[in-house]
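The values are calculated or read from the model by the stated rules, or taken from the named source; none is laboratory data. Just so it is clear, the structure is predicted and the values come from calculations on it, not from any experiment. Neighbour counts are summed over all protein chains in view; Cβ atoms, including those assigned to glycine, are modelled from backbone coordinates with ideal geometry. Each accessible area value is taken on the protein alone, full model and side chains, heavy atoms only, with ligands, DNA and RNA left out. Shrake-Rupley method; radii C 1.70, N 1.55, O 1.52, S 1.80 Å.
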Amino acid sequence: MISVYSLSVVNKHRERNMSDKDKWEFYTDKAGNHRWRRTATNGQIVGAACQGYKKKSACMENARRNGYSG
């Protein structure tokens, strides 16, 4: 299991390699929870929500902490 601290360190490291041209997708999973994923211009998923969120606003806040600026 990855601790919250180590996960944020991994995300900060990845953030340096991510582009402003990356595509951010917000969607609802099969359980009805809100999630996000970040896709690079080459089609690779370079970031994603580790959990589903009941509130869309909580999902958006998590994405902002991981580099989303929209």
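Numerical summary
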quantity	calculated
Sum of side-chain charges, His34 neighbourhood, beta-carbon under 10 Å (Lys, Arg +1; Asp, Glu -1)	+3
Two-site label geometry, Phe26 and Glu61: point separation in nm, points 7 Å out along Cα→Cβ	1.4
Protection-proxy order for peptides 24-33, 40-49, 56-65, each taking the mean of Cβ atoms within 10 Å per residue, highest first	56-65, 40-49, 24-33
Estimated vicinal HN-Hα couplings, Hz - region 62-67 in sequence order (Karplus 6.51, -1.76, 1.60; Gly, Pro = x)	5, 4, 4, 5, 10, x
Fraction of accessible area attributable to carbon and sulfur, region 31-70 (%, probe 1.4 Å)	46
